[in-house]
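Undergrad: This structure is in structure tokens; I'll ask about it shortly.
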Amino acid sequence: GKSWTAYLMAISVDAGCSRIWPVPVAVPTLVINLERSAASVAIRIGAANSALGLPRSRELFVLNRRGHSFADVLPAVEKAVRDRGIGFVVLDSISRAGLGDLTENQPVNAIMDSLNSLGVAWMGLGHSPRADESHVYGGIHFDAAADILIQILSEQDSDTPGSPLGIGLQVTMANDLPPIPLGVWAYEFDRLTLSGVRPARRGEFPEILARQGKKNPARD
């Protein structure tokens, strides 16, 4: 659910759309895609647009550089921020930063410094270690440098075809913000792709509610 959530957030901010989350003002947004083909991203953007009640054809500025690292594309990102007035950058993903071993302090600090040097708000998608999904894979400085950390909790009834995917957004750390309760949404899919997003019904995803605030080793 990480990428779907990222695209829904990016489009919401770019369009000033408050259908899922309150967005007080539209902010020009850039998505840096290092993971997927341009065709795959275009399909996701169209589906996310539709799920948000926006025209499927609405454009989102995306820098498609599959197979490249963030270090490779940083000059192009800096230019886009300057020339297009970008105020929000989404990086998919931190694991493709290309600045060294993510378990060492210096590369992690370099990634965080590079993103912060853009001078705008940014969101980076991270992956969790195999044994523990409660934190981002890599050095502790990922956590130390973040203003807000959000853990995604997911649940789906695999025995029921077409059942929605439950997505819980749990804020595990937030600077300068009050406590934020767990939010849970249902992502609905048709045969091919995302078709709708809605708040979860009461008790719809009990596993997510049971896991909030807990570390969840993969073996469990």
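The values are calculated or read from the model by the stated rules, or taken from the named source; none is laboratory data. Every value quoted in this text rests on a predicted model; they were computed, and no experiment measured them. Counting neighbours? That spans all protein chains shown, and the Cβs are built from the backbone with ideal geometry, glycine included. Only protein heavy atoms, including side chains, enter the accessible area calculation; ligands, DNA and RNA are left aside. Shrake-Rupley method; radii C 1.70, N 1.55, O 1.52, S 1.80 Å.
Undergrad: Quick check: residue separation of ARG19 and GLN212 times 0.36 nm, minus the Cα distance between them. What number comes out in nm?
TA: Full extension from ARG19 to GLN212 adds 67.0 nm.
Undergrad: Given R₀ = 30 Å, what would the calculated FRET efficiency be for ASP190 paired with LYS2, taking r from the Cβ atoms and rounding to 0.05?
TA: Efficiency computed from Cβ-Cβ geometry: 0.90.
Undergrad: Right, something else. Taking only the alpha carbons of the range 31-94, what extent do you get along each of the three principal axes, in Å, biggest first?
TA: Projected onto its principal axes, the Cα set of the range 31-94 covers 34, 26, 16 Å.
Undergrad: Quick check: pseudo-label points 7 Å beyond the Cα along Cα→Cβ at LEU149 and GLU59, how many nm apart are they?
TA: Here the modelled spin labels are 3.9 nm apart.
Undergrad: Here's something else I'd like to know. What distance in nm lies between label points placed 7 Å from Cα along the C-beta direction at ASP157 and ALA76?
TA: 4.4
Undergrad: Once ligands and nucleic acids are excluded and a 1.4 Å probe is used, how much of MET9 is accessible, expressed in Å² to the nearest 10?
TA: 40
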